[in-house]
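The values are calculated or read from the model by the stated rules, or taken from the named source; none is laboratory data. Remember, it's a predicted structure, so these values are computed and weren't measured experimentally. No Cβ is skipped: glycine too gets one built from the backbone with ideal geometry, and neighbour counts run over all protein chains shown. These area figures cover heavy atoms from the full protein model, side chains too; ligands, DNA and RNA do not enter into them. Shrake-Rupley method; radii C 1.70, N 1.55, O 1.52, S 1.80 Å.
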Amino acid sequence: MSAAAEPSPATAHAAKALTGSVRVPGDKSISHRSLMFGGLAAGQTRIAGLLEGEDVLRTGEAMKAMGAVITRTNEEWIVEGTGNGALLEATEPLDFGNAGTGSRLTMGLVGTYDMETTFTGDASLSKRPMKRILDPLREFGTQIVSMAEGERMPLTLRGPKRAAPITYRVPMASAQVKSAVLLAGLNVPGVTTVIEPVMTRDHTEKMLAGFGAQIEVETDGEGVRHIRLLGEPKLTGRAIQVPGDPSSAAFPLVAALIVPGSDITIENVLMNPTRTGLIDTLLEMGGSIELLNRRDAGGEDVADLRVRHSDLKGVSVPPERAPFMIDEYPVLAVAAAFAEGETVMNGLDELRVKESDRLTATADGLKSNGVTCVEGEDFLRVTGTPGGKGIGGGTVATHLDHRIAMAFLVLGFAAEKPVTVDDRAMIATSFPEFMDLMASLGAEIE
Ligand code: S3P
């Protein structure tokens, strides 16, 4: 979605009970990786349940520009990969739109190829730090041919003639950085090692193993993960079933908890423990969330979630949980706005470098709707109003951030007064069905 397009505001009104059964779209992290690894592997990858959000489609376009053939049937996406080590040089800049994951993982993927690749993105992506990816790439010998001030996009990379493997300790909790280093290691002879002091989502490790890479993970006595990837593996296409995205499920889930009388089921949600921090927190807050029909779907744990309106209580969320719910803090803050007492969220420094500065965007959105909160350098404290009396009536600046837009529409379903977000456009990056899905449960957005 172009940042230059006219903004399209949306207003959420207080909802009567939300009821019904829904399926959220496929997981964004797994969808990006499915197209990327499928585009790289030899032979055919068939993907069912792919998220057809703008961010993921950009990754598909990038892989096509580098030689993959990607088509869609009624049921599946079919990817014919180039074979590992055989990506082609893109003749045009790769435009990643709003997508941090797509751009950063692709920088890793191409960073050890002796070819030039240019990365561009929208106004939000062009503000996000890329030094965290460029630093390890420099260690592989990648040349940063050009970049915008502050090590940002647009930027152009050229890989070395012959790369040597590295050992890299990830300095912040980031699955994107971990993944970029591992993907760079795919095109390098020898063992690339990532040291991950704080565990983050493990989709790259699991999926690369599924495509045939030799990758081993050892957790030492201090809980630090050592991930070793043997370079230049043969990767072979495979069938993938993408489970429902817990980060998208978060919105109807919190909506049902805070709108009185609600009783909904969200089917087929990914339950990978590196992604369920929000559910753990909401359970501690007294949320009625039942995990039904837990099952294995293509190597990932999934469940149906039955969620009923609940009287929530404020809690203190431990900072070490942050990587397992990093995208869910805006909507957790919305749940906290209806909880009894105070909810304290610590360890939020990474929120400042998401699609927007999500810590400030969340705090500002709460304040403009009459919710009491305190924003610190890396924490947020929210004081709740059970029943939502006096809450709402504000207009929220979304700063090209899909999750800020959806979180504050959810606030509007349970607030006394309507809540407006200044632009709905970015919702299409991760959850194009959001408006229709919420309406099917009985919510009113105009
Ligand atoms: C993602 C990692 C996280 C997350 C993003 C998706 C991934 O980013 O916020 O939405 O798929 O690897 P960081 O690595 O910056 O924490």
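Laid out as a table, the results:
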| read-out | value |
| --- | --- |
| Net charge over other residues, Cβ less than 12 angstrom from the Cβ of His226 (K, R count +1; D, E count -1) | -2 |
| Contour minus Cα-Cα distance for Asp422 and Leu292 (0.36 nm per residue) | 43.1 nm |
| Principal axis dimensions, region 28-241 - Cα atoms, whole angstrom, descending | 47, 38, 31 |
| Contact order normalised by residue count of region 232-337, Cα under 8 Å, 6+ apart, percent | 33 |
| Helix 358-367 axis, angle to the chain major axis (alpha carbon atoms, nearest 10°) | 10 |
| Local electrostatic count, Ile166, Cβ distance below 11 Å [Lys/Arg +1, Asp/Glu -1] | 0 |
| Sequence-distant residues sharing a close amide H with Ile240 (under 5 Å, placed H) | Arg46, Ile47, Ala48 |
| Anisotropy class of region 268-364 from Cα gyration tensor, a/c 1.5 cut | oblate |
| Solvent-accessible area per residue for region 157-218 (1.4 angstrom probe, square angstrom) | 37 |
| Amide H within-cut-off set for Glu444, under 5 Å, with H built and near neighbours excluded | His13 |
| Region 1-143: C-alpha gyration tensor shape, a/c 1.5 cut-off, then a/b vs b/c | oblate |
| Sequence-separation-based contact order of region 269-312, relative, with Cα cut under 8 Å and 6+ spacing, percent | 45 |
| Hz values of 3J(HN,Hα) by residue in region 127-144 - Karplus curve (6.51, -1.76, 1.60), Gly and Pro given as x | 9, 7, x, 10, 4, 4, 8, 5, 4, x, 4, 4, 5, 6, x, 6, 9, 8 |
| Trypsin sites (Lys or Arg not before Pro) within region 121-226: DSSP coil, no more than 10 neighbouring Cβ in 10 Å | Lys161, Arg162 |
| Which of Thr192, Ala213, Ile144, positive extreme of dipole for region 28-241 (C-beta unit charges) | Thr192 |
| Distance from region 274-291 to region 5-83 (C-alpha centre basis), Å | 26 |
| Listed residues Leu278, Gly83, His203: farthest to the positive end of the dipole of the chain (Cβ charges) | Gly83 |
| Heavy-atom accessible surface of the chain: percent carbon and sulfur, 1.4 Å | 49 |
| Bridge type composition, region 28-241 - antiparallel percent by DSSP, nearest 5 | 75 |
| Whole-Hz couplings from phi, Karplus 6.51/-1.76/1.60, listed for region 212-228; x for Gly and Pro | x, 6, 8, 9, 10, 10, 10, 9, 7, x, 8, x, 7, 8, 10, 10, 10 |
| Long-range HN-HN contacts of Ala297 with modeled amide H, under 5 Å | Val302 |
| Pairs from Lys28/Lys178; Lys131/Lys234; Lys206/Lys234 whose Cα-Cα separation, in the structure shown, is over 21 Å | Lys131/Lys234 |
| On Cα atoms only, tilt of 246-258 relative to the major axis of the chain in degrees | 0 |
| Angle in degrees between helix 100-111 and the longest Cα principal axis of the chain, rounded to the nearest 10 | 10 |
| Förster-model FRET efficiency, 22 Å R0, Gln44 and Glu116, C-beta, rounded to 0.05 | 0.15 |
| Region 191-209 and region 322-376: distance between their alpha carbon centers, rounded to Å | 28 |
| Solvent-accessible area per residue, Å², over region 357-414 with all protein chains present [probe radius 1.4 Å] | 31 |
| In Hz, Karplus ³J(HN,Hα) per residue of region 272-289 (6.51, -1.76, 1.60; θ = phi - 60°; x = Gly, Pro) | 3, x, 7, 10, 9, x, 5, 5, 4, 5, 5, 5, 4, 7, x, x, 8, 10 |
| Within the chain: Cβ-based charge dipole about Cα centre, in debye rounded to nearest 20 (Lys, Arg +1; Asp, Glu -1) | 540 |
| For the chain: relative contact order, % (alpha-carbon pairs under 8 angstrom, 6 or more apart) | 20 |
